[in-house]
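The values are calculated or read from the model by the stated rules, or taken from the named source; none is laboratory data. The structure displayed is predicted, hence computed values, not measured ones. All Cβ positions, even for glycine, are placed from backbone atoms using ideal geometry, and neighbour counts span all protein chains on display.
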Amino acid sequence: MEQNRESILKLPTHVTIIMDGNGRWAKKRGLERLNGHQAGIESVRASTELAAELGIKYLSLFAFSTENWGRPKEEIEGLWGLMIKAIGDETPTLMKNNIRLRVFGDLEGMSENLQKQIYECIERTSHNTGTQLIVMLNYSGKWDIVQACNRFKNEHPDEPITEESVARYLSTADVPDPDLMIRTSGEERISNYMLWQTAYTEFYFTPVLWPDFRKPDFRKALEVYSQRERRYGKV
Ligand code: FPP
């Protein structure tokens, strides 16, 4: 499974990606934005494949933010359709490669059919022990912190909120914080993504648009990460 790791000396345990630039990719080609999202699915496949080949334990992808509801209805519906279809179509490949699908975000209130299809794939792959592919759907960092505080307070009304208690109730509670966050398309922002979990994450920004992001681009990011020195606020 673990191939071509020579130039990547230090492998991150958790890589997270803000997949950005699908719309610009489509516009440059005179296509609809949805064609950009469709092309972006191929990049999801390539990135997942490389993560599994290298033995990266967690790959999380920011697929739909709570702010994305502000987009035109047709784009939103088209994007959800593409994601559901991709999850369904790829389930056999995930099984074959021992990849476990997980989804974090606010799925309450989403259509039952949509939840059903997502949970089916989650269930089928739940015993896979290789790379965990984590899709962040209807997710935002502020939502995650607030829901963590509320759930904690519901269960422990008399206890004060601490850093440990928030961390324990985040949607990502059993996943280590990302070591590396990649954002494509030249934007250099966190955009209300994993705000709590990225406190000590290394950031890597690339001008490559998400639909053009393939294994060599991912590998380059891993090589840069591998040369970074992480000090966690110490000297
Ligand atoms: C950002 O580009 C991209 C998105 C909002 C959606 C990304 C989702 C996918 C590629 C599908 C993932 C599928 C699975 C199954 C995980 P943008 O539209 O903001 O681009 P722009 O900034 O150029 O307009």
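Values as computed for the structure displayed
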{"item": "Among (1) surrounded by 15 or more Cβ atoms within 10 Å (Cβ to Cβ); (2) touching a residue at least 24 places away in the same chain (Cβ under 8 Å); (3) not polar (S, T, N, Q), the one test that Lys10 misses", "result": "(1)"}
{"item": "Candidate set from segment 131-168 (those that are among the polar types (S, T, N, Q) and either touching a Lys or Arg at 6+ places or on another chain (Cβ under 6 Å) or free of Cβ contacts under 8 Å to residues at least 40 places away in the same chain (or both)); member that is nearest to the ligand (Cβ to nearest atom)", "result": "Gln132"}
{"item": "Residue among Arg24, Arg5 that alone is among the basic types (Lys, Arg), surrounded by fewer than 18 Cβ atoms within 10 Å (Cβ to Cβ), modelled with pLDDT under 95 and in contact with a Leu (Cβ under 7 Å, 6 or more places away or on another chain)", "result": "Arg5"}
{"item": "Selection count, segment 78-116, where residues are closer than 25 Å to Gly23 by Cβ and either within 13 Å of the ligand (Cβ to nearest atom) or touching a residue at least 12 places away in the same chain (Cβ under 8 Å) (or both)", "result": "20"}
{"item": "Some residue of segment 7-26 being closer than 17 Å to Phe213 by Cα, part of a helix (DSSP H, G or I), of a type in the set (Phe, Trp, Tyr) and within 14 Å of the ligand (Cβ to nearest atom)", "result": "yes"}
{"item": "Hits in segment 217-235 - residues which are surrounded by 10 or more Cβ atoms within 10 Å (Cβ to Cβ) and over 30 Å from Gly40 (Cα atoms)", "result": "Arg230"}
{"item": "Any hit, segment 117-130, residues being under 24 Å from Trp80 (Cβ atoms) and either away from the ligand (no atom under 16 Å from the Cβ) or assigned to a strand (DSSP E or B) (or both)", "result": "yes"}
{"item": "Cβ-Cβ under 6 Å pairs, at least 6 apart or on other chains, segment 199-218 side farther than 16 Å from Leu50 by Cα and without any contact (Cβ under 8 Å) to a residue 12 or more places away in the chain, far side among the β-branched types (Val, Ile, Thr) and surrounded by fewer than 19 Cβ atoms within 10 Å (Cβ to Cβ)", "result": "none"}
{"item": "Count - residues of segment 38-77 that are within 8 Å of the ligand (Cβ to nearest atom) and in contact with a strand residue (DSSP E or B) (Cβ under 7 Å, 6 or more places away or on another chain)", "result": "6"}
{"item": "Hey, Thr172 in contact (Cβ under 8 Å) with a residue 40 or more places away in the chain, touching a Ser or Thr at 6+ places or on another chain (Cβ under 9 Å) and polar (S, T, N, Q) or not", "result": "yes"}
{"item": "Total residues in segment 48-73, condition part of a helix (DSSP H, G or I), farther than 16 Å from Gly105 by Cβ and touching an Asp or Glu at 6+ places or on another chain (Cβ under 9 Å)", "result": "3"}
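This table checks each residue for (1) at pLDDT 95 or above; (2) within 25 Å of Phe203 (Cβ to Cβ); (3) out of contact with any helix residue (DSSP H, G or I) (no Cβ under 6 Å at 6 or more places or on another chain); (4) crowded, with 21+ Cβ neighbours inside 10 Å.
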residue	(1), (2), (3), (4)
Leu34	yes, no, no, no
Arg45	yes, yes, yes, no
Ala51	yes, yes, yes, yes
Ser60	yes, yes, yes, yes
Asp89	no, no, yes, no
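Residue by residue, here is whether (1) surrounded by fewer than 20 Cβ atoms within 10 Å (Cβ to Cβ); (2) among the hydrophobic types (A, V, I, L, M, F, W, C) holds:
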position	(1), (2)
Leu114	yes, yes
Asn150	yes, no
Pro176	yes, no
Ser185	no, no
Glu188	yes, no
Gln197	no, no
